[in-house]
1. What number comes out for the charge environment of B:Glu342, summing +1 per Lys or Arg and -1 per Asp or Glu over other residues with Cβ under 11 Å away?
2. Tell me the net charge near B:Leu160. Cut-off is 12 Å between Cβ atoms, B:Leu160 excluded, with +1 for each Lys or Arg and -1 for each Asp or Glu.
3. Using θ = phi - 60° and the Karplus curve 6.51 cos²θ - 1.76 cosθ + 1.60, what whole-Hz ³J(HN,Hα) does each residue of region A:83-97 get, with Gly and Pro shown as x?
4. How large is the dipole of region B:67-145 about the Cα centre if only Lys and Arg carry +1 and Asp and Glu carry -1, each at its Cβ, rounded to the nearest 20 debye?
5. Rounded, prolate or oblate: pick one for region B:297-403, where a ≥ b ≥ c are the square roots of the eigenvalues of its C-alpha gyration tensor, a/c under 1.5 means rounded, and failing that, prolate if a/b is larger than b/c, else oblate.
6. Pairing the Cα long axis of helix B:423-435 with the longest principal axis of chain B, what angle in degrees results, from 0 to 90 and rounded to the nearest 10?
7. Once amide H atoms are built 1.01 Å from N in the peptide plane, which residues 5 or more positions from B:Ile123, or in another chain, come under 5 Å H to H?
8. Quick check: the distance between the Cα centres of region B:67-117 and region B:181-195, to the nearest angstrom?
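Just so it is clear, none of the values below were taken in a lab; they were calculated from the coordinates. Please read all numbers here as calculations on a predicted model, not as lab measurements. Virtual Cβ from ideal backbone geometry, glycine too; neighbours counted across all protein chains shown.
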Amino acid sequence: MLRKNRAADIEKVLAKYPTKRSAVMPLLNLAQEEYGFCSPEAIREVAAICDLDPTEVKSVVGFYTMFYEEKVGTNVIDVCDDLPCALRGADGFVAHCERKLGIKAGETTPDGKITFHSVMCVAACNRAPVAQVNGAYHYDLTPESFDQMVDELQK
Amino acid sequence: MTGMEKHLLLRDLDVPNIRELDVYMANDGYAAWKKAVTSMKGEEVLAAVKDSGLRGRGGAGFPAGLKWSFIPKDVFPKYVVVNGDESEPGTFKDHQLVRNNPHQVIEGTALCAYAIGSNLAYIYLRGEFSEPGKELEKALADAYANGLLGSNLMGTGYSLDIRVHYGAGAYICGEESALLESLEGRIGQPRLKPPFPATNGLYNKPTVINNVETLANVPWIILNGAAWYRQFGTEKSSGVKLFSVSGHVKNPGNYELPLGKHSIQELLDMAGGSSSGRPIKAVLPAGSSSPIIPAANFGAKLDYESMAGIGSVLGSCSFIFMDDSVDMVWAARKMIRFFKHESCGKCTPCREGTYWALKIYDKILSGEGTLADVDMIAEVNKQIIGKCFCPVGEFATSSMTFTLKHFKQDYIDFIEKKKGGTPEYRAELARDTHGHHAQAAH
């Protein structure tokens, strides 16, 4: 129950905007923190808070890549393989990540600990290969430093 | 990163911990803000920015002061919205400003609000900026705690709130009207213009939208005057500009330079030259959306007019250098893949055109391309150009149009010399078809 568990945060979000509708995205972020993804229940709750139809909230969830429509792992690793990063070896690096994790981009490890995405640009092209791990930047990665990071997350 | 003896924007390179309020204030921080609120009228702030010649740093280069002057005086409330969506591949300048020099972003935002008589500003950061955003949010909290933001500022009766709003992953939200839609809680699809945001912006009220970097220049203009600011740059391209340099260079990063003083080649040299030792073949001067520039044109000066003179743009100044190992067919495919992913879906030519163009590039990369496919790319391109609602459709065609214009031989060689279908290309194609983090709406 978002309203019960995050009441203070919800009030803070609503106070930031002159309309309730503007709170949709920050509330979906709260819901995602709470449930791990934008579940149908979360979508209904956010819709009720913002006086919107759940379908409208669902369209927002579907449009933006950072709202997950399905369960993700405890940790989410995003690695950019767009052009500037690829010029610094991101394609080979992503292939290494897939081998290390034993999954393909877009999948979650069987233990549910890591979801791995290849993504389009995280505005850190000068420090590629670059990953965001649960939103935190990790720069100038090598296969070795990636393996180390993954071993830590899977402990 | 060098370029300027003393940086106006990348001040974190000169002053350690300038992200902290006390350090910022000990180095002229908020002096312009105090000067404006206590001794200037809004119109005077606006006039100074107009006189400075400051142009928008997000890409379009529209004169900032002129944009502010379009705000009607008698309509309330009015808003300032700061564009920190920074999603153009190759661009990472606002990232550094927000993370390392957040108070200057806040001060510039505040001055803009004061100039147009607004009491509420939103800084829109792309969703991926939660980490640098924490620095900005901390800086905002410190500014409030020290009476620099809030109500009845410095006893003048003027009040200002600045709030941070996060996107959630959508390139299109860098387009100003799509950004407003997103801030209003909708999917980020662009609005029809006119009316323009100056009269019908956020919540249908008068709104100035400026890029993070644009506003970060404003404190200097107010503190030292328009004439002082104009000593940097040229008559038509005044001031300093951040250049995000990436790709095959030894020292990638952000460089701050006066506009119009240096050439592309000099920028490349400042970044240490080619990282591989191989000759640099070309550069994209404003990320994936810009016309590619062959090395033969690297003598062009870095200002709006000179870049237009060589058939390209200054744009957001994200210079992606590529050495001669880069096959332009591969590079163009990377870019079209990006636009296929990021097309917001509103216009059929952009949505379907990028989808089909990528299919053709995939076919060529997989080794099954024919020369007829090259003509087909040009044909698909023609169906997108000039037929879309917002500039993103146009941007998507740049990668195709200009790699074909300058590097058509790469396409012909790729097909005739059967360069496609290598294990590397196959792996890359397989990865993209099975699981790139795409969503249904894109």
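1. Once all neighbours under 11 Å are counted, the net charge is 0.
2. Once positives and negatives cancel, what remains is 0.
3. Karplus-based 3J(HN,Hα) across region A:83-97 equals 3, x, 5, 5, 5, 10, x, 5, 5, x, 5, 4, 4, 4, 4 Hz.
4. Taking the Cα centre of region B:67-145 as origin, the dipole is about 260 debye.
5. Judged from the Cα gyration tensor, region B:297-403 comes out oblate (a/c at least 1.5, b/c at or above a/b).
6. 60 degrees
7. Amide H to amide H, under 5 Å and 5 or more residues apart or across chains, B:Ile123 pairs with B:Val82, B:Arg163, B:Val164, B:His165.
8. So the separation of the two Cα centres works out to 18 Å.
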